[in-house]
Amino acid sequence: MEQYEQIMSIESVLPFVLAYSTHGILAGIQLGLGLAMFFSSVINLLHKDGASWLSHLGFTNNLSNEHKRHFGTLQLIIASLLCLPLIVDVPFLVSLLTFISVAIVYIIYHRQTLSRSQTSGTLSRYAVVVFAIVATTFATYEHSSPLQAMRYIAQDVMTYRPLEQNWQNEFDINAPKAGQQAVEFSLLQSDGKTTSHLSDFLGEKPVVLFLGANSCPVFSAGLADINRLHEKYKSSVNFVGVYVSEPHATDEWPLARTQLVETSKTFFNHPVAIDIAQHTNFPDRLWAADRLKNNLLNHAIPLLVDSMDNAVNNRWVGRPARLYFIGADGRIIYNPGKGPYSFNPLHLEPILDKYLANQKQTKKEPLALLEP
């Protein structure tokens, strides 16, 4: 079976793609507007003729030298405040006043000075005003400018994504591959009472093993497909889950750092949890697993909880989401690769059908011992 497939469902992350894209677009416009105003301010302050592209954008005007100096100074101040959130935090009220100032400048000042023959400049002026209104609304909603919000999102991605990838690459070398024998483990179930071994579910039936946590959107969304597969194959296949550490804990790499992301998650009714801090003790992890089991997982599917040393997570590379299909004899049949991009339970269906059809044609073999 081919390893490391890119099969993640885009629907599982759609609310976050839309929200992050909106952040990126607004932040890009804010930065672009700030840079354009900066270049325009330099031209006006130096009393130079405006560059043609700036003229078409409505950033230079047919002003007297005195007015150019005043207008250039105003542009420089606004440009600085627009670009400053790229490197430092700017107070909410300052951002709000900046966007209001942009709207006022391009409604009043340009209306008096911009040549009516400059159609492109007129349209650009209106576009800037519209952006200023949108950005003012955004800043009021987020208590932050678009550029500042995007900077936080980008910092999270640049900090935590490489760490996650490095961990996956390091441990995936020893993760069970297709054709290899599964590695035995025993964990407490989410009820906090029952201890189960992987081998308890093998022998008579093959096992679909899925690992992840509720703060992973791909894993959380995929549980609906796990439930559907369980209903279809429960008489011939066992399904077992393992709850691991949180990939998007609120105190590490929060998925919903902004109100827009949280609103998008709510609008699409996405099942991911955005309120879980990283587990500092086993009761915390047990609580998170039990909540997921009660809210998203068929109660007939056992959910095991990884220990605080993350032994199973490290051995099977379960974070942020991972999927395996293990034959009844304990051999790995299917391992699509590291999550979240290789996590899609729907791709299991033809594999399960093929395996079960082959089992009917061959004599059942005794269970091989799992590797310790």
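The values are calculated or read from the model by the stated rules, or taken from the named source; none is laboratory data. On a predicted model such as this, the values are computed, not experimentally measured, just so you know. Cβ: placed from backbone, ideal geometry, glycine included. Neighbour counts: every protein chain shown.
Summary table
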| read-out | value |
| --- | --- |
| Restricting region 348-372 to residues that are in a loop (DSSP other than H, G, I, E, B) and surrounded by fewer than 12 Cβ atoms within 10 Å (Cβ to Cβ), the residue that is modelled with the highest pLDDT | Thr362 |
| Residue, surrounded by the most Cβ atoms within 10 Å (Cβ to Cβ), within region 169-190, restricted to residues that are polar (S, T, N, Q) and closer than 22 Å to Asn298 by Cα | Ser190 |
| In region 84-95, the residues that are assigned to a helix (DSSP H, G or I), surrounded by fewer than 18 Cβ atoms within 10 Å (Cβ to Cβ) and within 28 Å of the chain's Cα centre (by Cα) | Leu86, Phe92 |
| From the options Gln118, Gln75, Gln112, residue that is under 39 Å from the mean Cα position of the chain (by Cα) and either outside the structural domain of Phe38 (by TED's automatic domain parsing) or at pLDDT below 90 (or both) | Gln75 |
| Residue list for region 250-286, filter: β-branched (Val, Ile, Thr) and either under 25 Å from Asp225 (Cβ atoms) or assigned by TED's automatic domain parsing to the domain that holds Ala139 (or both) | Val261, Thr266, Val272, Ile274, Ile276 |
| Pair list, Cβ under 7 Å, 6 or more apart: region 307-318 residue under 13 Å from Glu170 (Cβ atoms) and assigned by TED's automatic domain parsing to the domain that holds Gly241, other residue part of a helix (DSSP H, G or I) and not aliphatic (A, V, I, L, M) | Asn314/Phe171; Val317/Gln168; Val317/Phe171; Val317/Asp172 |
| Contacts under 6 angstrom Cβ, first residue in region 344-358 being assigned by TED's automatic domain parsing to the domain that holds Leu211, partner among the charged types (D, E, K, R), 6 or more apart | Pro345/Asp225; Leu346/Asp225 |
| Pairs with Cβ under 7 Å, 6+ apart, first in region 326-341 and in the same structural domain as Asn313 (by TED's automatic domain parsing) and in contact (Cβ under 8 Å) with a residue 24 or more places away in the chain, second buried (at least 22 other Cβ atoms within 10 Å of the Cβ) and among the basic types (Lys, Arg) | Gly339/Arg322 |
| Where a residue in region 76-91 is closer than 18 Å to Tyr141 by Cα and its partner, wherever it lies, is basic (Lys, Arg) and in a helix (DSSP H, G or I), with Cβ under 7 Å and at least six apart | Pro85/Arg151 |
| Any hit, region 271-281, residues being touching a helix residue (DSSP H, G or I) at 6+ places or on another chain (Cβ under 8 Å), charged (D, E, K, R) and closer than 30 Å to Ala19 by Cα | no |
